[in-house]
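Quick notes on the structure that follows.
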Amino acid sequence: MNKKLKKKITRVAIGAALFAVGVVLYKVLFERMGIEICRWGGIAFFFAAYLTIGFDVLKNAAVNIAHGHIFDENFLMMLATIGAVACREYTEAVAVMLFYQVGECFQSYAVNKSRKSIKALMSIRPDFARVISDEGETEVDPSEVKIGDLISIRPGERVPLDGLVVDGISSLDTAPITGESLPKDVAAGSRVISGCVNLTGVLKVSVTGEFENSTVSKILTLVEEASNKKAKAENFITVFARYYTPFVVCSAVLLAVVGSIATGDPRTWIYRAMTFLLISCPCALVISVPLSFFGGIGGAGKQGILIKGGNYMDTLAKIDAVVFDKTGTITKGNFAVGEITVSEELAKEKGEGAKDYLLSMAAACEAKSNHPIAKSIVAASKGEAIAQDDSSITEIAGKGVSAEIEGIKWYAGNYKLMADVLSKEELAKTSCHDCMERGTVVYLACDARYVGHIHIVDEIKEGAEAAIAALKNAGISKTVMLTGDNEESASIVAGKVGITSFRSNLTPLDKVSAIEEILSEEKNGKVAFVGDGINDAPVLTRADIGIAMGAMGSDAAIEAADVVIMTDELSKIGKAKRIACKTLRIVRENIVFALGIKALVLILSALGITTMWAAIFADVGVAFIAIMNSMRALRA
């Protein structure tokens with residue numbers, strides 16, 4: 001509970017005490033016992049209570065009127081309660097203001113509680129960075145640290161900037177950024193991102209990016225801007241309130257004037273008009289609808305899903321087609337050795353150890369290369385490669401490498417390299433149509449003789465198949481994969497994870513054309529594109545909603561995507577849709593509930609069936625219930 005709310009509660013409590021004294025003096029001692037002097041004493045206490053409780057309402061109404069903003073809840077409360085005083089309904093005038101303020105206190109408490117998750121997300125901002133220099137360690141503002149500076153991060157401290165660990169071993173709590181509960185182990189060479197909390201050892205980190213470009217800074221900017229991007233429901237409520245309030249004020253005036261002329265009883269009809277005004281306050285909608293979206297964004301943030309605004313949540317709930325990039329999204333983007341095929345000659349020479357021998361020779365050829373494919377072969381050999389002198393290995397640009405191993409010339413590379421070093425008869429033996437998997441092929445030749453080839457495949461992410469199935473269960477009717485890989489490779493990946501269709505051999509521009517074609521096919525639903533956020537920025541922007549996967553610290557993801565999932569978990573796409581659907585369902589519940597109750601009580605008040613007490617429920621009570629309902633959006 002903040003100081004402002006505490007101060008307000010204290011003032012309301014004092015006003016309630018003054019009101020209680022006024023009720024005793026006026027209602028008991030004057031009206032029941034006939035003590036005349038208590039009449040004026042009671043009225044005095046009523047006025048004191050009214051001013052104590054309602055001073056901020058009267059002040060806000062006056063300020064808003066001065067600025068031309070007349071028709072708001074403060075104006076309606078002031079007009080209704082002053083009208084009640086004019087009708088000598090002192091008790092109801094003060095009681096209405098008292099219960100209105102009590103309701104406001106409950107609403108403020110509910111709103112503050114609902115914002116805790118967003119505040120927790122905003123608390124990832126680091127307070128300082130400890131820069132290491134020749135003079136020792138100095139605490140400075142993170143914005144003052146430059147690229148290349150060394151910083152020290154002690155246990156319990158938040159990582160202030162993105163960087164690489166140069167010394168130390170520790171575990172990081174990445175939950176504020178990714179939503180993951182398990183700590184991440186880091187050591188020298190590991191990448192760390194700002195906003196995480198160092199749990200165990202001291203780390204020495206080389207800064208790789210300035211604070212304004214750091215992960216935490218991008219997230220903070222994203223969250224701060226999210227509230228400015230309104231969904232259709234929020235825009236509807238804003239426009240609705242602008243026209244609705246003047247309409248009911250005019251209706252109340254008409255009710256008072258016509259009723260008074262028709263019956264000759266102005267006091268009764270003015271009272272009804274004041275009750276009508278109290279009921280008309282649209283605060284239940286104006287507060288609860290934006291709060292629902294705010295809560296939904298906060299609940300998603302706790303799961304490591306950053307949604308840039310209510311408008312994107314609105315779109316996210318309506319998607320019925322999801323288009324995926326393959327590499328880095330469906331697959332890990334890490335190369336691994338797949339099927340190994342040896343020639344008949346090598347199989348006869350080496351027997352059961354032929355495949356292991358071929359792999360070790362390939363690793364010997366690739367041992368000095370930094371290419372990802374070469375690294376995957378070396379890693380698969382598990383250190384069994386024959387050690388080579390650097391001078392014996394020659395790189396052949398765009399084709400592969402050659403190496404002299406134990407006096408024998410070996411070649412490892414693509415089909416073009418084989419065409420250069422093999423005869424037509426030997427080249428014909430390189431056919432790999434019997435291989436179990438498709439992907440990049442590394443061919444090997446020994447002294448102008450083909451000896452086999454190794455398939456390098458991109459591993460499918462764990463849980464990808466379950467995530468696609470979950471999307472279908474969530475109502476996604478179409479899943480499509482776009483890739484630059486060949487048709488065979490794309491077909492196998494799509495089949496393994498359960499994607500309904502795919503398009504292969506695509507350039508980045510082809511992907512944009514493909515997404516436009518899919519958009520034209522979807523007449524009613526929305527299309528989402530899911531990519532790694534680095535090379536898919538044009539497609540992320542073109543889709544109805546772009547979702548970036550595993551994009552911690554990626555500039556392209558933060559800028560181009562509408563939804564950023566801070567981990568590589570495909571399952572969070574379905575979770576993001578469920579959160580969006582739940583949030584919109586809560587919004588619709590609030591709109592129907594608030595308008596329904598207000599319409600009913602407005603009719604009853606116009607007929608004189610209800611009093612100002614019912615008006616208070618229709619205004620403050622409905623608003624409080626709607627806000628409490630909005631808080632359910634926090635529970636993702």
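The values are calculated or read from the model by the stated rules, or taken from the named source; none is laboratory data. From a predicted model like this one, the values you see are computed outputs, not experimental measurements. Here Cβ is always computed from backbone atoms with ideal geometry, including for glycine, and neighbour counts include all displayed protein chains.
Check Thr430 against each of (1) touching a Ser or Thr at 6+ places or on another chain (Cβ under 8 Å); (2) surrounded by 14 or more Cβ atoms within 10 Å (Cβ to Cβ); (3) modelled with pLDDT under 80 and name the one condition it does not meet.
Here Thr430 meets the rest and fails (1).
Among the residues of the stretch 493-530 satisfying the criterion of being in a strand (DSSP E or B) and within 26 Å of the chain's Cα centre (by Cα), which is surrounded by the most Cβ atoms within 10 Å (Cβ to Cβ)?
Looking at residues that are in a strand (DSSP E or B) and within 26 Å of the chain's Cα centre (by Cα), I get Phe529.
Quick check: is even one residue across the stretch 291-301 at pLDDT below 75, of a type in the set (A, V, I, L, M, F, W, C) and outside any helix (DSSP H, G or I)? First the steps, then the outcome.
Of the stretch 291-301, the ones at pLDDT below 75 are 291.
Keeping just the survivors that are of a type in the set (A, V, I, L, M, F, W, C) gives 291.
Next, from what is left, pick out any that are outside any helix (DSSP H, G or I): none.
So far as the stretch 291-301 goes, no, none of its residues is at pLDDT below 75, of a type in the set (A, V, I, L, M, F, W, C) and outside any helix (DSSP H, G or I).
Return the residue satisfying two criteria in turn: it lies in the stretch 302-360 and is acidic (Asp, Glu) and over 21 Å from Val497 (Cβ atoms), and of such residues it is nearest to the chain's Cα centre (by Cα).
To start, the set of residues in the stretch 302-360 that are acidic (Asp, Glu) comprises 314, 320, 325, 339, 344-345, 349, 352, 356.
Filter again for over 21 Å from Val497 (Cβ atoms), leaving 314, 344-345, 349, 352, 356.
Values: Asp314: 13, Glu344: 56, Glu345: 58, Glu349: 59, Glu352: 53, Asp356: 47 Å.
Ranking the qualifying residues of the stretch 302-360, first place goes to Asp314.
Of everything in the stretch 593-630 that's touching a Lys or Arg at 6+ places or on another chain (Cβ under 7 Å) and surrounded by fewer than 24 Cβ atoms within 10 Å (Cβ to Cβ), which residue is farthest from Cys581 (Cα to Cα)?
Gly608
Going through the stretch 138-154 one residue at a time, which ones are under 29 Å from Ile565 (Cβ atoms) and not in a helix (DSSP H, G or I)?
Val145, Ile147, Ile151, Ile153
Find all pairs meeting these conditions: Cβ atoms under 9 angstrom apart; at least six residues apart or on different chains; first residue within the stretch 362-384 and surrounded by 24 or more Cβ atoms within 10 Å (Cβ to Cβ) and basic (Lys, Arg); second residue at pLDDT below 85 and outside any helix (DSSP H, G or I).
Hits for this filter: zero, empty list.
In the list Ile35, Ile14, Ile65, which residue meets the criterion of being in contact (Cβ under 8 Å) with a residue 24 or more places away in the chain and aliphatic (A, V, I, L, M)?
On the way: Ile35 fails: in contact (Cβ under 8 Å) with a residue 24 or more places away in the chain; Ile65 fails: in contact (Cβ under 8 Å) with a residue 24 or more places away in the chain.
Matching residue, one of Ile35, Ile14, Ile65: Ile14.
Does any residue of the stretch 467-481 turn out to be at pLDDT below 85, under 49 Å from the mean Cα position of the chain (by Cα) and in a strand (DSSP E or B)?
Checking the stretch 467-481: not a single residue is at pLDDT below 85, under 49 Å from the mean Cα position of the chain (by Cα) and in a strand (DSSP E or B).
When only residues in the stretch 192-215 that are assigned to a strand (DSSP E or B) and in contact (Cβ under 8 Å) with a residue 60 or more places away in the chain count, which is nearest to the chain's Cα centre (by Cα)?
We begin by selecting, within the stretch 192-215, every residue assigned to a strand (DSSP E or B); these are 192, 197-198, 203-207.
Going one step further and asking which of them are in contact (Cβ under 8 Å) with a residue 60 or more places away in the chain, we end up with 204, 207.
Values: Lys204: 31, Val207: 27 Å.
This residue is Val207.
Among (1) modelled with pLDDT under 85; (2) of a type outside the set (Val, Ile, Thr); (3) within 28 Å of Ala626 (Cα to Cα), there is one condition Gly54 misses while meeting the rest; what is its number?
In the conditions (1) modelled with pLDDT under 85; (2) of a type outside the set (Val, Ile, Thr); (3) within 28 Å of Ala626 (Cα to Cα), Gly54 misses (1) alone.
Of all residues in the stretch 415-425, which are part of a loop (DSSP other than H, G, I, E, B) and surrounded by 12 or more Cβ atoms within 10 Å (Cβ to Cβ)? Explain how you work it out, then say what you get.
Initially, the stretch 415-425 is screened for residues part of a loop (DSSP other than H, G, I, E, B), giving 422-423.
Across the stretch 415-425, the qualifying residue is only Leu422.
Among Arg578, Arg585, which is the only one that is free of Cβ contacts under 8 Å to residues at least 40 places away in the same chain and either closer than 19 Å to Met274 by Cα or assigned to a helix (DSSP H, G or I) (or both)? It would help to see each step written out before you state the result.
Working: Arg578 fails: free of Cβ contacts under 8 Å to residues at least 40 places away in the same chain.
Only one candidate passes the filter, namely Arg585.
Quick check on the stretch 210-222. Is at least one of its residues at pLDDT 80 or above, surrounded by fewer than 23 Cβ atoms within 10 Å (Cβ to Cβ) and not small (Gly, Ala, Ser)?
So in the stretch 210-222, the residues at pLDDT 80 or above come out as 210-211.
Now restrict to residues that are surrounded by fewer than 23 Cβ atoms within 10 Å (Cβ to Cβ): 210-211.
Remaining after also requiring not small (Gly, Ala, Ser): 210-211.
Taking every residue of the stretch 210-222 in turn, at least one turns out to be at pLDDT 80 or above, surrounded by fewer than 23 Cβ atoms within 10 Å (Cβ to Cβ) and not small (Gly, Ala, Ser).
Name the residue, out of Ala636, Ala614, that is in a loop (DSSP other than H, G, I, E, B) and modelled with pLDDT under 75.
On the way: Ala614 fails: in a loop (DSSP other than H, G, I, E, B).
Sole residue among the options that is in a loop (DSSP other than H, G, I, E, B) and modelled with pLDDT under 75: Ala636.
Can you name the residue in the stretch 588-611 that is polar (S, T, N, Q) and in a loop (DSSP other than H, G, I, E, B) and, of all such residues, is modelled with the highest pLDDT? Outline the logic, then answer.
Step one: filter the stretch 588-611 for residues polar (S, T, N, Q), giving 590, 605, 610-611.
Filter again for in a loop (DSSP other than H, G, I, E, B), leaving 610-611.
Details: Thr610: 75, Thr611: 72.
Per the criteria, the residue is Thr610.
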